[in-house]
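Taking it in order: structure first as structure tokens, then the write-up.
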Amino acid sequence: MSKAVSPSKVAAALTELWSPRVVGEVDDAYIKVAKVQGSLTWHSHDHEDELFLVLMGRLRIEMEADTVELGEGEMFIVPKGVRHNPVAEEECQLLLIERKSTRHTGTVATERTRTLAEQLRPV
């Protein structure tokens, strides 16, 4: 049975920062939401692009060659292979679209890194 999902409501209900949750899938991609604040870590995804859409708040995506500032309703796609570090000075809610093969923080492991099993947990 199908049901409608409100990414904003799911993101708002999250209690863990930097712990994305899968809310849907389209072909070979997961649709995820996350609540973030502070800095994640510098990392890259060698074979996957990553789409960030700000649902609430502001997000800065630092890259070695540039920095992108996103406000509510704005999105940015980090191309595969580009080292980046998402940063939110205040609480921010995100919708992410990533291929199912995308590892949360690429080959970098920190205390904020989440496995796919953790991301698939119910909210």
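A compact table of results
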quantity	calculated
For region 90-107, 3J(HN,Hα) per residue [Karplus equation, 6.51 cos²θ - 1.76 cosθ + 1.60, θ = phi - 60°, Hz, x = Gly/Pro]	10, 3, 9, 10, 10, 10, 10, 10, 9, 4, 4, 7, 6, 8, 3, 10, x, 8
Label of the coordinate-derived value, Rg and Dmax of the Cα atoms in Å, listed as (i) 27.0, 76; (ii) 13.3, 46; (iii) 17.4, 60	(ii)
Förster-model FRET efficiency, 22 Å R0, Ala4 and Ala117, C-beta, rounded to 0.05	0.30
Mean residue ellipticity (222 nm) of the chain, computed from DSSP H runs ≥ 4 via -39,500 (n - 2.57), nearest 500	-2000 deg cm²/dmol
Contour minus Cα-Cα distance for Asp27 and Met56 (0.36 nm per residue)	7.8 nm
Separation of the Arg83 and Val68 label points, Cα + 7 Å toward Cβ, nm	1.9 nm
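Laboratory data are not the source of any read-out in this text; all were calculated from the coordinates shown. Remember, predicted model here, so these are calculated numbers, not experimental data. Heads up, the Cβs are rebuilt from the backbone with ideal geometry, glycines too, and the neighbour counts pull from every protein chain shown.
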